[in-house]
Amino acid sequence: MKHKAVTIDGPAGSGKSTIARQVADRLGFVYLDTGALYRAAALAVDEAGADPADGKACADVVRHAGIELERGRVSVRGRDVTEAIRSHRISSLSSRIAVHPPVRDALLDLQRSFREKSPLVAEGRDTGSVVFPDAEVKIYIDASAQERARRRHRELVSKGSDISYEKVLNDLKERDQRDATRSIAPLVVPQHAVVVDTTHLRIGEVISKVLKVVQDKLAD
């Protein structure tokens, strides 16, 4: 059985994770962080010593990594990696392996399986265009590169990182380029998606705006 799906896509640092999590909580839906699955895949590839440029090798690692996501916790081979996958290095690596079609195929069925269990709010970069193209509601969250870099830099510094803002901005621009130009499932505004620019909005304002869109569309 397919339950209702709300998708929230957007580039790195746009705030979509926080928004999706809170919207899911308000609606009583499951929150599906597809980015966490890709980061877990990246961690598995890193620990296996596989070449990030070798799509087949990466996919082989991912298929046998035992990646699971339950109640907001991510595990690889039964080991909780929820905090480990949030490092800047693993985040960047996840974008590098995500360009490989075999890696995306390896994770697609896992992502879609969550909709069979309960209504969900899925967040990522292709949830509305590829993973759940028939979702009842599609949102695309955006913000300027400079604002997204400021948010990501602030988050990393709060966790003890000494990374510079310039490094975060450059990496983010490179990731945007990879995500938008990869041959499979590039980052796009999904068909029929409502675009919300968060550059000059507070998080509470964004959540209220997104909730109204979701509730209006589900009511229809």
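Here LYS217 meets each of (1) surrounded by fewer than 18 Cβ atoms within 10 Å (Cβ to Cβ); (2) closer than 26 Å to GLN111 by Cα; (3) basic (Lys, Arg); (4) in contact with a helix residue (DSSP H, G or I) (Cβ under 7 Å, 6 or more places away or on another chain) with one exception, condition (4). For the range 100-126, a residue qualifies if it is touching a Gly at 6+ places or on another chain (Cβ under 8 Å) and more than 30 Å from LEU218 (Cβ to Cβ), and the qualifying residues are HIS100, PRO101, PRO102, VAL103. Looking across ALA12, ALA42, one residue alone is of a type in the set (Gly, Ala, Ser) and touching an Asp or Glu at 6+ places or on another chain (Cβ under 8 Å). It is ALA12.
Looking at SER87, SER94, SER158 in this structure, which one is over 27 Å from LYS217 (Cα atoms), polar (S, T, N, Q) and buried (at least 22 other Cβ atoms within 10 Å of the Cβ)? It would help to see each step written out before you state the result.
On the way: SER87 fails: buried (at least 22 other Cβ atoms within 10 Å of the Cβ); SER158 fails: buried (at least 22 other Cβ atoms within 10 Å of the Cβ).
Going through SER87, SER94, SER158 in turn, just one is over 27 Å from LYS217 (Cα atoms), polar (S, T, N, Q) and buried (at least 22 other Cβ atoms within 10 Å of the Cβ): SER94.
Put simply, of GLU174, GLU147, GLU166, GLU205 the only residue that is touching a Gly at 6+ places or on another chain (Cβ under 9 Å), surrounded by fewer than 21 Cβ atoms within 10 Å (Cβ to Cβ) and part of a helix (DSSP H, G or I) is GLU147. Scanning the range 177-198 for residues that are of a type outside the set (A, V, I, L, M, F, W, C), in a loop (DSSP other than H, G, I, E, B) and closer than 27 Å to GLY28 by Cα yields PRO190, GLN191, HIS192, THR198.
Where a number appears in this text, it was derived from the coordinates with a stated rule and is not lab data. For clarity, every value in this text was computed on a predicted model and none was experimentally measured. As a convention, Cβ positions derive from the backbone with ideal geometry for all residues, glycine included, and neighbour counts pool all protein chains shown.
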